[in-house]
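Chemist: Take a look at the following structure, please.
Taken together, the values in this text are just the output of simple stated rules run on the coordinates, not laboratory data. Remember, it's a predicted structure, so these values are computed and weren't measured experimentally. Because the Cβ atoms are built from the backbone with ideal geometry, glycine has one as well, and the counts that use them run over all protein chains shown.
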Amino acid sequence: MSAAEFAEAERPRDEEAVARFVERFALLMTEGGMPRMAARVFALIMASEQGAHTAAEIAQRLEISPAAVSGAVRFLTETRLVIRDREPGQRRDVFRVGEEFWYDTLSRKNRALDDLLAAATEGTVALGPDTPAGRRMAVTGEFLAYMREQLPNLITRWQTERAAP
């Protein structure tokens, strides 16, 4: 660790700034389709030094009910954005961000692209490839096919660049 990194690590966090970041990040995730409470919980866990919180810590930090926490972590664990874990000798579950959660999420999205691509192809045929709606659906299918093809390459390139010294 360099002297600058050590000094940065020693500086106390501005908890007000962190709280603003959590809400801003959560808003962006909500605009992208994630349920609001799940987005807030996800952003809080992402922003934590440990990358993990208990349900009680989440409720306290976000000032929300245990029921709201339960629903949010259920969504986040089902979508595999967070992992339910338990520290040895502890009785409380801990919810943590997985080390490769973006990779896992995008890999699942890539599989979902297969279903969308099949639907777009079916839609092109059903709508008629020579109709305006059919042409729009065909272009959608072309884009989805391109994304389906390119996403694994992008993930591999990211992993390679990340592993490089």
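Chemist: With axes computed from alpha carbons, what is the tilt in degrees of helix 66-78 against the longest principal axis of the chain, rounded to the nearest 10 within 0 to 90?
Modeler: Its long axis makes an angle of about 50 degrees.
Chemist: Quick check on the chain: what are the equivalent-ellipsoid semi-axes from the Cα gyration tensor, as sqrt(5λ), descending, whole Å?
Modeler: Each semi-axis is the square root of five times an eigenvalue, giving 38, 21, 16 Å.
Chemist: Using alpha carbons only, how many degrees (0 to 90, rounded to 10) separate the axis of helix 15-31 from the longest principal axis of the chain?
Modeler: Once rounded, one gets 20 degrees.
Chemist: Next question. Relative to the first principal axis of the alpha-carbon coordinates of the chain, what is the inclination of helix 101-127, with its axis defined by its Cα atoms, in degrees from 0 to 90 and to the nearest 10?
Modeler: 20 degrees
Chemist: Still on this structure, I have one more. What's the FRET efficiency of residue 105 with residue 16 using the Cβ-Cβ distance as r and R₀ = 25 Å, to the nearest 0.05?
Modeler: Step by step, r from the Cβ atoms, then E = 0.25.
Chemist: Also, quick follow-up: With springs connecting C-alpha atoms under 10 Å apart, model the chain as a Gaussian network and identify which of 20, 80, 91 has the largest mean-square fluctuation.
Modeler: 91
Chemist: Okay, next question. How large is ³J(HN,Hα), in whole Hz, for each residue of segment 149-158 in order, when computed from phi with the Karplus curve 6.51 cos²θ - 1.76 cosθ + 1.60 and θ = phi - 60°, using x for Gly and Pro?
Modeler: The phi angles translate into 6, 7, 4, x, 5, 5, 5, 4, 4, 4 Hz.
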